Structure formats: structure tokens, C-alpha cells
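Worksheet: one structure, shown below.
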Amino acid sequence: MNAVDSPDYCDFIFPAYVKKGDVVIGITSSGSAPGLSAKIRKHVEKTLPPNLEDILRQVRELRESLPKGKERQRKILQLVDELFED
């Protein structure tokens, strides 16, 4: 039997996580402070841009349109910077 909120009956750690479309962010204290992980999750949720799924779509489209290499990486990072400024 496993119960994620009861360490005596659980042999794995389940992180707090934020999921917005295909963006998934996991937060864990390795089981030592679940309340802290939950607080960090709430903070992360508040700081993410509301249009994160649109940002991901635009970055994905650019990435798929360019050949692999340093120039693609540079253009992607430039786009990410621009999108996060808006």
C-alpha cells in the first residue's frame, strides 16, 4: 500500500507540480518539507505569464522550422526573451 501523504506507508516521493499545457514544473524537498514545496508551487504559479501556452507554441514552431545548431539556439533564446518582456 502507498499513501503519498503518509511517509510510513509510502516508498516514493510525489512532487508538488505546476502544469500549464505542456509545461510541467516539479518541486520537491525530497519529502523533508512538503509544506515548503506547496508554498513554492503557489509562488511559481503566480509568477508564470498567463500566456505561457502561447509562448510555448511560438517557441516550438520556431524550433521546428530551423535546423539544429547554435544559430537555432540563439534565435530561440532571443524569442523567449522577447516573449517574456511583453
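Read-outs: derived from the displayed coordinates by stated rules, not from any lab. No experiment lies behind these values; they were computed from the predicted model shown. Cβ sites come from the backbone with ideal geometry, for glycine too, and all protein chains shown count toward neighbours.
Summary of values
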{"read-out": "Neighbour net charge for G21 - beta-carbon separation under 13 angstrom, K R +1, D E -1", "value": "+1"}
{"read-out": "Virtual paramagnetic centre 7 Å along Cα→Cβ of V59, amide N under 17 Å, in the stretch 23-49", "value": "23-27, 44-49"}
{"read-out": "Residues of type lysines that K19 reaches as a straight line, Cα spacing below 27 Å, ignoring anything fewer than 8 places off in the same chain", "value": "K39, K42, K46, K75"}
{"read-out": "Cα shape, the stretch 7-47, gyration tensor, a/c 1.5 rule", "value": "oblate"}
{"read-out": "Computed label-point distance, nm, for sites L66 and D8 using a 7 Å Cα→Cβ extension", "value": "5.5 nm"}
{"read-out": "Neighbourhood charge, 14 Å Cβ-Cβ cut-off, centred on I76 and excluding it, Lys, Arg +1 and Asp, Glu -1", "value": "+3"}
{"read-out": "Qualifying GluC sites (Glu not before Pro) for the stretch 30-86 [loop in DSSP, other Cβ within 10 Å: at most 15]", "value": "none"}
{"read-out": "Rg(Cα) / (2.2 N^0.38 Å) computed for the chain, rounded to two decimals", "value": "1.47"}
